[in-house]
Amino acid sequence: MASTELLPRGSLQPRPRAPQSGPLAARYELLMELVRRDVRSRYRGSFLGVAWTLLNPLIFMIVYAVIFGRFLKVHYPGGAPIVFILSGLLAWTFFSQALTMATNSVVANAALVRKVAFPWMLLSVSAVVAALVNFVISLLLLIPFMLLAHKGIGLPMLALPLLIGVCFAFSLGLGLMLGAGNVYLRDLQYLVNLATLVWFYVTPVIYPLSLIESKFSHGLIGQVAHLVIYANPMTWVVEGFQDVFVFDRWPQHWHGLGYSLLVSLVSIWIGMLIFNRLRRRFAEEV
């Protein structure tokens with residue numbers, strides 16, 4: 001539970017009608033405290049601890065590399081299937097973890113919401129930031145595989161903050177909507193798990209985008225497949241990570257990345273509107 005001394009004086013109320021505003025510094029300190037708590041609680045009591053952040057994507061990468069590379073004979077551009085899959089998989093893992101954690105962020109802190117008045121939106125924000133911390137740690141997993149595949153670390157790495165920022169913004173916007181909605185519709189957390197599972201397979205994480213362009217180039221199915229994948233903001237984020245890590249080049253689909261950034265900013269705006277509209281009865285509903 002977050003430390004109450006980080007909250008503005010007089011903010012402790014038994015049943016707050018609405019969160020109270022506080023100084024920016026106090027909000028930042030509270031956010032950092034919530035992030036530290038979320039990161040620590042994720043691995044509390046675990047024997048391997050933070051190593052799970054590295055092991056989970058590593059295991060899935062091996063499985064997908066064997067199935068798609070060996071059995072389905074999928075050709076991965078760049079000559080490094082493991083780096084190709086892992087670079088996209090790590091970005092996707094961050095996105096899916098952020099959505100899952102943000103969806104449960106308000107409900108999981110029901111006792112805090114009932115007793116303490118503070119900007120409750122920070123609960124969802126801290127969940128996404130905690131997922132970002134896990135993601136940054138997991139990026140260390142790529143280094144040995146890049147060295148083994150003789151992949152260089154060049155200037156295109158400077159594009160990583162932009163790619164991470166777009167992925168973070170999109171996760172935050174959806175997370176605010178889901179975190180607020182889950183207070184009133186508890187089935188939402190299960191729907192999110194199902195939706196992210198389907199979403200994963202319409203994002204070119206474990207297969208190259210060129211495979212879709214070659215296999216589904218004609219007919220109604222091809223048109224629908226192109227529409228879904230091209231309209232998917234995560235497509236261009238994942239493509240950007242693969243450009244940087246696999247090909248050591250700047251992201252090639254700047255139009256798609258710009259589209260993803262626009263969708264991300266709009267999702268944050270809508271997410272804040274929805275959260276502020278629904279937060280009024282959080283203390284009664286959680």
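List of remarks:
- The Cβ shell under 12 Å around Thr103 holds other residues with a net charge of 0, Lys and Arg each +1, Asp and Glu each -1.
- Only helices enter the 222 nm calculation for the chain: every DSSP H run of n ≥ 4 contributes -39,500 (n - 2.57), and dividing by all residues gives -22000 deg cm²/dmol, rounded to 500.
- For the listed peptides 206-213, 99-106, 142-149, a ranking on the average number of other beta carbons within 10 Å per residue, highest first, reads 99-106, 206-213, 142-149.
- Volume per residue that the Cα convex hull of the stretch 42-285 spans, once the total is divided by residue count, Å³: 136
- Degrees separating the helix 121-138 axis from the principal Cα axis of the chain, which is the longest one: 40
- Taking a ≥ b ≥ c as the square roots of the eigenvalues of the Cα gyration tensor, an a/c ratio of 1.5 or more together with a/b no larger than b/c marks the stretch 125-268 as oblate.
- Cα convex hull volume per residue for the stretch 128-198 (Å³): 111
- Principal-axis tilt of helix 254-278 within the chain, Cα atoms, nearest 10 degrees: 20
- Angle between the chain longest axis and helix 51-64 axis [Cα atoms, degrees, rounded to 10]: 40
Here, each number is a calculation from the coordinates, and none is a lab measurement. What you see is a predicted model; the values in this text were computed from it and never measured. No Cβ is skipped: glycine too gets one built from the backbone with ideal geometry, and neighbour counts run over all protein chains shown.
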